[in-house]
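A short worksheet on the structure shown next.
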Amino acid sequence: MRTYTSKDELITEIGQRYQKYISEFENIPENLRNKRIEEVDKTPSENLSYQLGWLSLLLGWEEKEKHGIDVHTPADGYKWNNLGGLYQSFYETYGTETLAEQTQQLNKKVIDLCLWIETLWM
């Protein structure tokens, strides 16, 4: 796994990779948000929901730890060796929103992630 020499390097990498990732969704019409194609294991909406779910968990773990609350990973009621139910909960939580709404939320989560990273290193 690659290591980063500074928080700025990591944040830059996250930004570049996120822009590449999110650009894949720019031209997908809303009526195809739940379309499954052979080459991809998730629909566009599921894909965005998956990212939103994991970022929400990660940021939530940090928030709980900051307040002295025990963190159960990956999430309460889920185990690492059986994540299908967790993924389904991501799809149910975020999948009812439009692609534009999911994208807007994901943009905010990525900003929040980078702001959190800013607090980690001197």
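Taking a straight Cα-Cα cut-off under 20 Å and skipping sequence neighbours fewer than 8 places away in the same chain, the aspartates and glutamates within cross-link reach of residue 35 are 24, 26, 46, 92, 97, 101. Summing charges over all other residues whose Cβ lies under 14 Å from the Cβ of residue 36, with Lys and Arg as +1 and Asp and Glu as -1, gives -1.
Applying a threshold of 28 Å to the alpha-carbon distances of 42/64; 20/64; 42/109; 42/108; 42/79 flags 42/64; 20/64 as lying beyond it.
Listed by chain and number, the aspartates and glutamates whose C-alpha is less than 12 Å from the C-alpha of residue 7, apart from same-chain residues fewer than 8 away, are 118.
Segment residue 54..residue 70, full-extension length gain: 4.0 nm, with 0.36 nm per residue of separation and the alpha-carbon distance subtracted. Less than 15 Å Cβ to Cβ from residue 27, Lys/Arg counted +1 and Asp/Glu -1: what total charge do the surrounding residues give? Taking every Cβ under 15 Å from that of residue 27, the sum is 0.
A helix-only calculation puts the chain at -19500 deg cm²/dmol for mean residue ellipticity at 222 nm, using -39500 (n - 2.57) for each DSSP H run of at least four residues, averaged over all residues.
Summing Cβ point charges (Lys, Arg +1; Asp, Glu -1) relative to the Cα centre of the chain gives a dipole of roughly 120 debye.
Just so you know, all these numbers are worked out from the coordinates, no wet-lab data involved. Everything quoted here is computed from the prediction, not taken from an experiment. Please note: Cβ atoms are built from the backbone with ideal geometry, for glycine as well, and neighbour counts cover all protein chains shown.
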